[in-house]
Structure formats: structure tokens, C-alpha cells
Amino acid sequence: MKNKTLTTSLLLMGLLMPHANTLNAQSDAGSIEKRTLTLDLKRTGIDISPTLSGIFFEDINQSLDGGICAQLIQNFSFQQYMVPDAPAKEFSRADSIIFGWSKVQGEGASGRILTVEDTPLLGTQARHYNYDQTDKYDDELRYKQYCVKFEIEQIGKGLGLAANGYGISPYGQERQGYYYSNNTQTPSIPVKKGVSYDLSLYLRKASYAGGISVYLEDASGHRISNVVKFSGLTNEWKKYTGILQANDTKDCRMVVMADTTGEFYLDFATLMPEASELWMEGKMGPFRKDLMQALADLNPTFMRFPGGCASEGTNYFGQVFWKNSVGPREERIGFRNHWGYWTSQYVGFYEYFLMAESLGATPLPVLNNGVTCQFAGHQYVAPLETEADRKRFYDIFVKDALDLIEFCNGDTETRWGAVRAEMGHPEPFNLKYLGIGNENRGDKFWERFDIMYKEIKKQYPDIVIVSTSGASDAGREFNDNYAHIDEKYPDTYVDEHYYKRDDWFYKNQDRYEADKVRGNQGMTYDRNRPTRVFVGEFANNSTNNAYASTLAEAAYWTSLERNSDMVVMAAYAPLFCKKGFNKWNSNLIWFDNRGMWRTTNYYYQMLFSKSGNKAFEMSPIMEGETIDSTIYTSPTLNTETGEVYIKFVNSEAVNKELTIKIGNKKRYEATVEFITSHDTSIKNQGHQNLYSSHPDAPASFDYSEAIVPQTTHIGAVKKSFTMTLPENSVGVIKLMPRKSL
């Protein structure tokens, strides 16, 4: 009889699954445990935060250039040369080594191709920040510009330069030691047969009367596209455009080939897939369609960007300044980011706002306040000692925040509102939140935070400022930061970060309960005070996205939702990782140049992204007279539609038959969406050195994921119904009101 019950339950739940989702024959196949649950839909509780479930996009793990940005040419403006304050091995220190490019020299050809600074495309740039020319830093290095010069002595069978794109390297020391920049010399541009690619480059002659040919070729030197030819170079920079169509699906390189002797210059060479390959056909930014669709499927209500540590930088030159990232792309200023590689700013703050808008997410930009990343031990702090220092701090950091708000919310008659309109978005972005700093601490940080906070609140009192509790969930830094916030900034959202192991997530279900003491100040997470929590970064960073971490994090997420009158925003971190370039061991989505792997951590976030607007009361899940403490839940109700959502985590390797008593006389259509696996060590991304362009990748390479969501339609229910919670499962039970059975 028990076997029959189990068989019926398994059929009901649709657990005849492929790969790791198949219930293992060893998993208690002869029994099923019974549980009961009673709903009380008339007794509602807290309002569920409408912004609880969001995303945090940081330019880490090669997420941006060579990642979600669809532009295919690395070092397209040749700025990855003599990068100030960068370790010598990270970028080129020789004018003949052009990062991400290779010299193409046919038989009988001779000449040089060099990085030069005498004739760059961008001669003089707008200087939005009044840097101090007398300090120890050479501010001109921020704006140093380079291009490439061809000096062709003998043409022979051709002399040119080939862009290799954004390569993927094996993870570990064999890449380039510790460094994460990638001077790939392997053709790595991932073209598809029949797809067109928009080519753009700038050329200028010195003493050259010939033509320039541009085409795609594979690693063996075979052309796999048409040839686009340009001629009539002038003494001034001129933009040339064309279309390259791939006739094969291969990794390739883009060759820029001369046809005679002489000298000319090349700059800002880009290659973009046709509109059909882009998110929203390129109307909302130059983004990869597949990666953006994965974000859209998370239904994010907010988007934090561009960091994290990346928003602060490692040093004076690595700090992020948004004005250097807007306007024409040719005029933007790239930089070495916190994570040790180049951020070109082809995607800048404007594109980030477009990205958020296209996802229906509220933007939450993070600005630095003159303090570089303290978490990583970097110690540049903008000076405030003299009146000149204080004016400089205002002009650079305070005004930067005020002007960003104007850029987002100002009408088109304002200076920065007009810039937004010129870029194609006359309507405001409706900025509501602004982060200042990230994981910071100490008097120097709070002194500068205070200056910015007061000025922003004076001019824009409705903007919610996001402060920080530091880099961990507890301890001296956490306590000291909350003491500052409690005293001076109680109306901020406090950004809490923690990367913990599975047992921590299970044991801290009560972290945000109203009577839970927070820190050592005797304060609680008091709902009567205006302070609210933004869990800006959390994950298990020790298991490399093993399914076990999904169970623990999802269990913890139910506690965040149950306390979302205090925790008003939360985001997993990091969001993306390119295989071969992980700086972090927990990443929601892994990808390579052609595809992606959504982790099971991603799937619980996707399943949990929808909920009602009100909590309601229900009983614990009972095993007879005993509470089952291994099942974690959060029940919510949509008070307008009557839809019921019960999020659940069954953290045991046991199938459990659950009888749900609805507690009213209404009729519902019941469905369950869930993920499950007997093996909790499985990782959807597989091995992090297995990707499409790896030399050892099999011919049958694909992007299959071992564990994916299942949907079971239970059907019409009334008063009560019985279903099965599969072993090691995460899911949502949905009850949709219906008029009749």
C-alpha cells in the first residue's frame, strides 16, 4: 500500500525527470512521510516589499566587456597600454604589443605596427573633474589617449593587424599568473553562419595612398566572411563602416589588412552583431540577447550597479566617475577596474539605466565618495585638509552625485537632463535610490559620507540614500557602522553583505525578527524606526554553486520575505561569471562566448521572484503533533486577485506527502513549480574549464543544465488537497482562484 501511495504521489508531481532530477532508487523508495498544513487566508500580516527581489550587476568575472556587452573587439580603442598604477604583467608595456590583437605578416612583407600617442582620435576630452595638478598623482594619465600606427616598408603578401576578440583562458595560474586581463592571441570572436556584423573603425593617413581590407578569418587563416574595402584615406580622422557576414560558425579574428606601402593610423575599431542577436534588437543598449533574457526571467524589481568594490576602484586611477562614461562612445574614458582588467565604458551609466529600464527594474547606482575599496586593503582617500581640498572634494564627488540625479530626473532644460535627451532618452529615468560607498568603515569614510548625505538630502530630500554596514554580518565594523547610522542616518537603507556557509543560512532564520538584537548597541531591527535593510550581496561562496547551497540560500530567502517589512531589497552576488575568469566562487549565471549555464541558485531566485503583496497566517508544517523543522516556508497573498503563493524548501532527502487545508470554501487551480535532486553536489555549470572554445571541448558540446524547474498541474482543488514535496526540493505552490470546478 505504501508503494502504491508513493507511485501515485510521484506521478502527481511529475517526477519522471531527466538527468540529475530523476529520483534515485536509493532514496527511501519504499516509504513516504506525511505532513499537514493549514492556511488561514483571512488573517493577513505584513506588506511584502514590492522591491524585495532584485539583481546586482558588478563588472567582475569579465561580466561586462566580453560578456553582456555584445561588442566583440577587445581593446578597440587601444587604451590597454601603459595603464597607470597597474601591475606590469596586466597590460602592455611595449608599443609593439597590442593587447588582444596580433600582427599579420605575409611572406615578403615588412614594417612596424605600433601603439602611439601623437595622433589619437580623441585629442582633447571634456574634463568634468577638477583634479589637483600638484598632488603625487599625474592626473594627465587619466586622459592619455593612444591609437595604432602602421609603418609599411614592404607589402609582400600583406601586412595587417588582427583583433582576436575576448578570449577564454583556463582558470588558474596558467592563465597569466594571477592577473585577469587577457591578451588572447587565439582567434576568439564567436561568429555564427549567416549572421551579419556591423563594422566600424576610424582611419587617418600619414603617407598612404592605398586601400584597407577588413574580413574575418579562422585560426587556420581561411576567410569566413566577405571582404569590406576602404580607400581614399584623408589627413583627418574619418569613420568608416561596413557589414561583415559570416559564412561559417567558428571562432575567428577580424583582420585589418593594408595593400601597399606607407603609413596610416587606426583607432576605435568595433564589431557588433546584427539587431536580431541583440536584446530588444539593440533599442535598449548593446547587450547580448541570451544573457539579458536570463535576467528578465528573474523578474527583478531593482538593479544595483556598477559595484560593489568595482564602484570604488583599487586606487586613484581606478575610481569610477560616471561622467566619463556618457556621451559619444569615442569620447568616453576607460580604466583598469578593481578586478584587474579593462572596463572600456562602451557600456556606461546611460546604458546601465537603459538595461534596468528594459528589465522593469528600479535603478540603484552606487557612487564612491573618495575612498577606495577598504575591503581589499586599498587606502586612497580624497583629502579634506585645506579649503582647496574641500572645494575639490565637492567639485568631484558631491557634485558628481547631484549631477547624476539631474541626469536621471532632470528635465531637458537642465544641463545633464539635456545630455540624457541627446543620448536618446528625453523622459526621466526616475531615480529613487542612490548608494554611497560599499563595505566601508572608519571615520574618514563617514566624514565624507556625511558631506555627501547632507548635500543630497538638502537638494533632493526624496532620494533614498543607501548606507553600508560593512563587509560582514557581524563584528566590530558592523557594530560601529550601525552606531553611525542609528545616530545620524536613520532614514537610509543599510546595505548588509555576507558570504556564508550553508549552516549559517539555516541557523539564521530569525536574523531580522523584530525583537532580534542587532549588534552590540542594544538595538533591534525596529520597525518603528525609518531604517530599513538592503541585503545587497549574499551567497554561499564555498561550494561553487553546488545544489546544496541552493537549498540553504532558498531556506534563508523565505525568512527575508517573511521579514520584508524590514528587509526591503535583496540580491544574490555575483550575478555573472565568464568561465575561466572567476574571481568569486559563487555566481548566479556562468557563461562563455556563445552560451550560458543558469545555476540552481538562479532557479530558486527565479521561482521565488513572484509573490503576493501580503503575508498571511498558516500553521507550521506538522508531522503528527511535531513541527517539521526541515521544511521552510513563506506564504503570501495577492489581495487584488486572490492568488496564493507558498514558497517552500524541503531540505531533507525524503519525499513528504503534504495535505494542505485551505481553510475557506473558495475553489482554486493548483500548480507547483519546483527543482529537486537526490544528489546535492551537482553543479549546473559543470566544470569551470569546459566551454565552447576550449581545445578539449567535445564536438557534441552543449549548454545543458542538470537541474531545471519542473511544473506540475495539480488541477482544481477545494477545502483541501494532497501533494508531494519531493526530496531536496525548492518550489512554489500556487493557488489561482477559479469560479467553478
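No lab work stands behind these numbers, since they all come straight from the coordinates. No experiment lies behind these values; they were computed from the predicted model shown. Because the Cβ atoms are built from the backbone with ideal geometry, glycine has one as well, and the counts that use them run over all protein chains shown.
Work through the residues other than Y197 whose Cβ is under 11 Å from its Cβ and net out their charges, Lys, Arg +1 and Asp, Glu -1. Net charge around Y197: -2.
Counting every Cα pair in the stretch 607-741, what percent are over 22 Å apart?
Working: 4266 of 9045 pairs.
Tail of P(r) above 22 Å: 47 percent of Cα pairs.
Separation of the stretch 704-730 from the stretch 33-97 is 31 Å, based on Cα centroids. Using a cutoff of 8 angstrom between alpha carbon atoms and counting only pairs six or more residues apart, the relative contact order for the stretch 383-536 works out to 16 percent.
Eigen-decomposition of the gyration tensor built on the alpha-carbon atoms of the stretch 256-372 gives equivalent ellipsoid semi-axes of 28, 23, 11 angstrom, largest listed first.
Summary value for the chain: 17 percent relative contact order, contacts being C-alpha pairs under 8 angstrom separated by 6+ residues.
Spin-label pair L141-K193: with each label point 7 Å from Cα along the Cα-Cβ axis, the two points sit 5.0 nm from one another. Between the alpha-carbon centres of the stretch 320-357 and the stretch 609-655 there is a gap of 43 Å.
Could you pull out the trypsin sites (Lys or Arg not before Pro) across the stretch 435-504 that fall in loop regions by DSSP (anything but H, G, I, E, B) with no more than 16 other Cβ atoms inside 10 Å?
In loop regions of the stretch 435-504 (DSSP not H, G, I, E or B), the sparsely surrounded trypsin sites (Lys or Arg not before Pro) are R501.
Each of (i) 75, 66, 60; (ii) 90, 65, 46; (iii) 148, 54, 53 is a candidate for Cα extents along the principal axes in Å; the one calculated from this structure is (ii).
At a Förster radius of 30 Å, what calculated FRET efficiency corresponds to the Cβ-Cβ distance of E236 and R112, to the nearest 0.05? If you can, show how the numbers build up before the last one.
Working: r = 23 Å, r/R0 = 0.77.
Calculated transfer efficiency: 0.85.
A simple packing score, the average count of other Cβ atoms within 10 Å per residue, orders the peptides 459-466, 552-559 as 552-559, 459-466, with the highest score first. Between the stretch 383-443 and the stretch 508-547, what is the C-alpha centre distance in whole Å? What the calculation gives is 30 Å, centre to centre.
Compare the Cα positions of L114, C309, N247 along the charge dipole of the chain (+1 at Cβ of Lys, Arg; -1 at Cβ of Asp, Glu; about the Cα centre) and return the one farthest towards the positive end. My answer, from the dipole projection, is N247. Cα convex hull, the stretch 76-276: 149 Å³ per residue, rounded to a whole number. When a/c reaches 1.5 or more, the comparison of a/b and b/c decides; with that in mind, is the stretch 303-351 rounded, prolate or oblate per its Cα gyration tensor? It comes out oblate by the Cα gyration axes. One decimal place: the segment A483-V381 gains 34.5 nm when fully extended, by the rule 0.36 nm per residue minus the C-alpha distance.
Simple point charges give the picture: +1 on the Cβ of Lys and Arg, -1 on the Cβ of Asp and Glu, and for the stretch 76-276 a dipole about the Cα centre of about 460 debye. Taking a span of 20 Å or more along the helix axis (Cα atoms) and a mean Kyte-Doolittle hydropathy of at least -1.0 as the rule, the DSSP H helices of the chain that qualify are 547-562.
The mean sequence separation of alpha-carbon pairs under 8 Å and at least six residues apart, normalised by the residue count of the stretch 76-276, gives a relative contact order of 26 percent.
Assuming R0 = 35 Å, what is the FRET efficiency of D47 and V708, from their Cβ-Cβ distance, to the nearest 0.05?
Working: r = 32 Å, r/R0 = 0.93.
Computed FRET efficiency for D47 and V708 comes out at 0.60.
Annotation for T639 and K157: the two label points, set 7 Å from Cα along the Cα-Cβ direction, are 7.8 nm apart. For the pair K665 and T249 in one chain, pulling the backbone fully straight at 0.36 nm per residue adds 143.9 nm over the alpha carbon distance.
Could you compute the FRET efficiency for S681 and R476, with r as their C-beta to C-beta distance and R0 at 35 Å, rounded to 0.05? Computed FRET efficiency for S681 and R476: 0.45. With each label modelled as a point 7 angstrom along the Cα→C-beta vector, the T626-A296 pair spans 4.9 nm.
Would you work out the charge dipole size for the chain about its Cα centre, treating the Cβ of every Lys and Arg as +1 and the Cβ of every Asp and Glu as -1, and quote it to the nearest 20 debye?
Details: 79 positive and 91 negative charges, 355 e Å.
For the chain, the charge dipole is close to 1700 debye.
Sorting 641-648, 86-93 by their mean Cβ neighbour count within 10 Å, with the most densely packed peptide first, gives 641-648, 86-93.
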